[in-house]
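> One structure coming up, written as structure tokens, with questions to follow.
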Amino acid sequence: MGFFERLTGTRHPANGVAPLAIAEVRNALLSVNGLDVPYRVRPADPAEKGDLVAEWRILRRSPGQQVDQRLTIRMRMDPGRREVRALQEQRTSTRGKLSASREYGRGNGFSVEWTYERGPDDRRRRVKTLDTREMGNVLRQSVLGAGWTWRPRRFRL
């Protein structure tokens, strides 16, 4: 793997992994859905310019403020190159009593949240409660396990 591929996050399947047909890769990505995951993968709408879309919506409410964070990964499958091109987008809107703001970003951004709790030895320890990298990691592993290349994009699919 070259320097540029490492820099962009491109990952190739391990040697000896036979590439699956496009329908099997699609099914592998759709099978990520389940009751125990906070995100979902679905077929893309024509306006979304992709084959599949993975979405994760995080809604936080506190007195006087609401934060709506959406993480979306649009995926386009290229059977000729046996690769999945992925474009990650983040949208955050915050509403308060007297203010509102919106943010948008593309690329491999992520959010991690921690809380503190007491362990069995009665010492405080930090526990991860949210990590949005989880969705991308699962999708990437599904693609690599199918013998295809995972190629994140920053600007367009």
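> Output the 0 to 90 degree angle, nearest 10, between the alpha-carbon long axis of helix 133-145 and the longest principal axis computed from the alpha carbons of the chain.
Once rounded, one gets 10 degrees.
> If you count only protein heavy atoms with a 1.4 Å probe, what accessible area per residue comes out for the chain, rounded to a whole Å²? Don't skip to the end; give the middle numbers.
Working: 10310 Å² over 157 residues.
Value returned for the chain: 66 Å² of accessible area per residue.
> Starting from 0 in steps of 5 Å, tell me what percent of the Cα-Cα pairs of the chain lands in each bin.
2, 8, 15, 18, 17, 14, 10, 7, 5, 3, 1, 0
> Rounded to the nearest 500 deg cm²/dmol, what is the calculated helix-only ellipticity per residue at 222 nm for the chain, with -39500 (n - 2.57) per DSSP H run of length n ≥ 4? Spell out each step's value before the answer.
Numbers: 3 runs with 28 residues, N = 157.
That calculation yields -5000 deg cm²/dmol at 222 nm.
> What's the long-distance tail for region 26-118, i.e. % of Cα pairs beyond 19 Å?
Details: 2280 of 4278 pairs.
The answer is 53 percent, as a whole percent.
> Among Val25, Val84, Val67, which one shows the highest mean-square fluctuation when the chain is modelled as a Gaussian network with alpha-carbon springs under 10 Å?
Among Val25, Val84, Val67, the largest mean-square fluctuation in the Gaussian network model of the chain belongs to Val67.
> Quick check: at a probe of 1.4 Å, how many percent of the accessible area of region 60-102 sits on carbon and sulfur atoms?
That share works out to 43 percent.
> Rg over Rh of region 91-157, using C-alpha atoms and the Kirkwood radius, what does it come to? Before the final figure, lay out each step's value.
Values: Rg = 17.9 Å, Rh = 15.7 Å.
On the Cα set of region 91-157, Rg over Rh gives 1.14.
The values are calculated or read from the model by the stated rules, or taken from the named source; none is laboratory data. The shown structure was predicted, so the numbers you read here are calculated from the model rather than taken from an experiment. Keep in mind that these areas ignore ligands, DNA and RNA; they rest on the heavy atoms of the full protein, side chains included. Shrake-Rupley method; radii C 1.70, N 1.55, O 1.52, S 1.80 Å.
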